[in-house]
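Data first, discussion second: the structure below is written as structure tokens.
Values quoted throughout were computed directly from the atomic coordinates according to the rules given, and no laboratory measurement underlies them. All values reported here derive from a predicted model rather than from experimental measurement. Here the Cβ positions follow ideal geometry from the backbone for every residue, glycine too, while neighbour counts run over all protein chains shown.
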Amino acid sequence: MKLACDAMLGKLARWLRILGFDTILFDSKTPDAMVTKKSKGRILLTRDKRLARQPKAVYVLSHDIEGQLQEVFGALKLKSGFPRGTRCPLCNGKLTRTARPISIPERVRSCLFWRCQKCGHAYWRGSHWVKITRTAEQLHAKKGIPKCTATPIQQV
Ligand SMILES: [Zn+2]
């Protein structure tokens, strides 16, 4: 399932990418007509009541990321593609395993690295990974969102 987020849901878009969903994010300068046009073939997640009237849209009420994820997973009956399908939270590109990039600081002890095929950013299992895994596990306990086990999150 492909998703699109309006400019007010940037954090949600990054989380959905981490959880394995192809998610585009519009910026605040994108006119509503363009949002409608470019979100064809996707489910639009929006905090704009007018945009939410289009056929394939979900109006997101929550202000916090946990509530937003619960709403979206509940409304769309989503199952996480995590960790295999994890996408780049910055650009929505696909991640592939890679050898340790030269740009990784020596202090990083991880032996698992990924690189975004689209923007080239490198990721590894670091402190962000621990935080996101913990949050995702809490969501799982509350609302049945699939339990997380591993993902590349730390950005170079
Ligand atoms: Zn990227």
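Computed extension length for LEU112-LYS56: 16.4 nm, one decimal, from 0.36 nm per residue of separation with the Cα-Cα distance subtracted. In a Debye calculation with equal point scatterers on the alpha-carbon sites of the stretch 43-137 and no solvent, what is log10 I(q)/I(0) at q = 0.11, 0.14, 0.22, 0.23 Å⁻¹? Result of the Debye calculation: -0.46, -0.69, -1.17, -1.22. Quick one: if the Förster radius is 22 Å, what FRET efficiency do LEU90 and LYS29 give, using the C-beta to C-beta distance and rounding to 0.05? The value I calculate is 0.75.
Annotation note: trypsin sites (Lys or Arg not before Pro) in the stretch 66-125 located in DSSP loop regions with a Cβ neighbour count of at most 12 within 10 Å are LYS77, ARG84, ARG107, ARG109.
Applying 1/(1 + (r/R0)^6) with r as the Cβ-Cβ distance of ARG134 and LYS2 and R0 = 22 angstrom yields a FRET efficiency of 0.20.
May I ask you to derive the FRET efficiency for CYS119 and LYS49 from their Cβ-Cβ distance with R0 = 41 Å, giving the value to the nearest 0.05? Rounded to the nearest 0.05, the efficiency is 0.80.
Sorted from longest to shortest, the spans of the Cα atoms of the stretch 3-76 along the three principal axes equal 29, 21, 21 Å. Taking GluC sites (Glu not before Pro) across the stretch 19-111, the ones in a DSSP loop with at most 11 further Cβ atoms lying within 10 angstrom of their Cβ are GLU106.
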